[in-house]
Structures are given as structure tokens and as C-alpha cells.
1. Rounded to two decimals, what is the ratio between the C-alpha radius of gyration of the chain and 2.2 N^0.38 Å?
2. Could you list which residues have their amide H under 5 Å from that of residue 166, counting only those 5 or more apart in sequence or on another chain, with H placed in the peptide plane?
3. Considering the chain as a Gaussian network with a 10 Å cut-off on Cα pairs, which listed residue, 113, 168, 246, attains the greatest mean-square fluctuation?
4. Out of 138, 74, 89, any idea which swings most in a Gaussian network model of the chain, alpha carbons joined below 10 Å?
5. On a 23 Å Cα-Cα criterion, which of the cross-link pairs 108/159; 59/108; 34/175; 30/162; 59/107 come out too long?
6. If Lys and Arg each add +1 and Asp and Glu each add -1, what is the summed charge of the other residues whose beta carbon sits under 14 Å from the beta carbon of residue 239?
7. Over all alpha-carbon pairs of the range 117-170, lay out the pair-distance distribution in 5 Å bins, whole %, shortest bin first.
8. Among all the aspartates and glutamates, which ones have a C-alpha under 20 Å from residue 55's C-alpha, if same-chain residues fewer than 8 places away are not counted?
Amino acid sequence: MPPNKTSLSIIIPTWNTAEITLRCVNSIVKHLGKLVEIIVVDNGSTDSTQDVLKKTTVKYVKLDKNYGYATACNAGAKVATSEYLLFLNSDMELIDKEVLAMVNFYKKNINCGLVGPQFFNPDLSPQGSVFPPQTPLNAFREFWLHQKTFSKYFPKTDKPEKVWAISGGAVLISKKNYQSVGGWSQKYHMYYEDLDLCRQTRNRGFSIYYFPSCRFIHRHGASGANIANANNQWRRLINGSKIYHGLFLHYLINLIIWSGQKWQKTFLKT
């Protein structure tokens, strides 16, 4: 192995989040130093991102406009030199060096397709990072029967666990498997590209794991805060949902969620 080559490339897409991205990079450098390759893909930022990152040792890739999360991830993978790729939101912060244990877990499990770490809120309370199957039945069970069957959750385990899907906030994949699934689907601009990647992985017979000893702080929503105001954040999900589910399931699931929420509000008022 060449002296400068590492086994892990960490790819961080960013768009107009200079300070948040720098915090993410600094947390990686603090805990992993030169053990990993850090690649930041700038989706056409107009803030101080480029100037801020010039002061670091990251490999910097500048795109001419905001092509979305999936395209930025693929751009980073093209210049990555490592055998394993960790795709990371810019609003993540590494807590320790257990990401190396997560890589070793991947190496030892030949059926492994994707692995995701445990997420924490800034106050260190647990944050959901695992998806249950996104079906109409599970939507009905959650929004009508009050069962936790559709929204993201965190498995209550301290051991690696096989799951249906993981959040795109932090995704580990081997370069070999990344190439076999065709990378991230660029049909998605932002949101649902992670569920699509998980689906492609399952369709190829590989498993998806949650690895709780690897921990990240996730400042949820910070990386996309400049795209829409708080009242319109939910609108960003619509296009991705239509692509991922197809029109029929998209409208069916959203009807179930909307009607369940409306019924609950009416019921609680009476």
C-alpha cells in the first residue's frame, strides 16, 4: 500500500455551510488524524466555504452549482483513493475513533452492504437513524394506531444489528459495493436518495447494519437549513418521495399520514 493511502475516505458534501463543515472536518482530524482521507465536495457554495477549507488538509472538490447530495457524493467517490467510503453530512461531528471499528466490522462480514453509526442530538440524547419499512401499512399503524412503525428510530442495542435501512447522514460502503449498485442515484436532489441506496443494496442480496459503538453528533437539518424556511422544510421531501415510491404509493402514504394527523387533532379537541 502506498505510504499516503488510507483504508477509508470520508466524503462530505456541503453547500453554504462553511462553519458547520469546518466543525465536522475538525472533529475528524481530532480523532482520526491522518488515518483517513477527507474529501469535501462543495456544491457551488457562495459563502466562505472555499476560503475556510483552504486552511485545512482536506481534498477539496468544487462544483459549479448545487447539483444535490447524491451528485456531490458521487463526485467525491470519483477522487477517493481508499477501499472504503464513508459519506457524511456536513452537520455531523465525530465523537471518537470507533469509525475504524465500523470499517473492521465491514471487512469481516462478506454479506455487508451498508453500515450506519449511532446518531446523537447536540445534547447527547439519542436520535433516530434507522428506517423501518416505508409501507402504507406501517404508515397506518403509526399515524392511526400510534405504533412506532414508520418514522426513524434508534435500535436499543449496543451490538451491531441488521436493519432495513439507514439514514444517509452517515453511510459506510466498500468501493466495490458502491460501484456494483451504481453509486448514489442522481435522480434525487435531496432526500430519499438514502432509501434508494438501501433498496439497491438489498436487491443485490447484501445486508444493512446499524453499528452503535460508532457515534456521531448530528445537528439535524443544519446542512439543509439554507434551502427553505422552517415552515416549508417538509416540501423538500415531496419530489424525492414521488421518485422513490412512485406516484400511487406516494399519494397513498401521504393520505394516510395526513388523515391520521387530522383525525388525531380533531379527536384530541373533543
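Laboratory data are not the source of any read-out in this text; all were calculated from the coordinates shown. The shown structure was predicted, so the numbers you read here are calculated from the model rather than taken from an experiment. Quick reminder, even Gly has a Cβ in these numbers, built from the backbone with ideal geometry, and neighbours come from all protein chains shown.
1. The reported ratio for this selection is 1.01.
2. For residue 166, whose amide H was placed from the backbone, the distant partners under 5 Å are 131.
3. 246
4. Per the Cα network of the chain with a 10 Å cutoff, 138 tops the list.
5. Check vs 23 Å cut-off fails for 59/108; 30/162; 59/107.
6. Spelling it out: positives minus negatives among the neighbours equals +2.
7. Values per bin, smallest distances first: 4, 19, 25, 23, 18, 10, 2.
8. Here the aspartates and glutamates satisfying the reach criterion relative to residue 55 are 19, 37, 42, 47, 91, 93.
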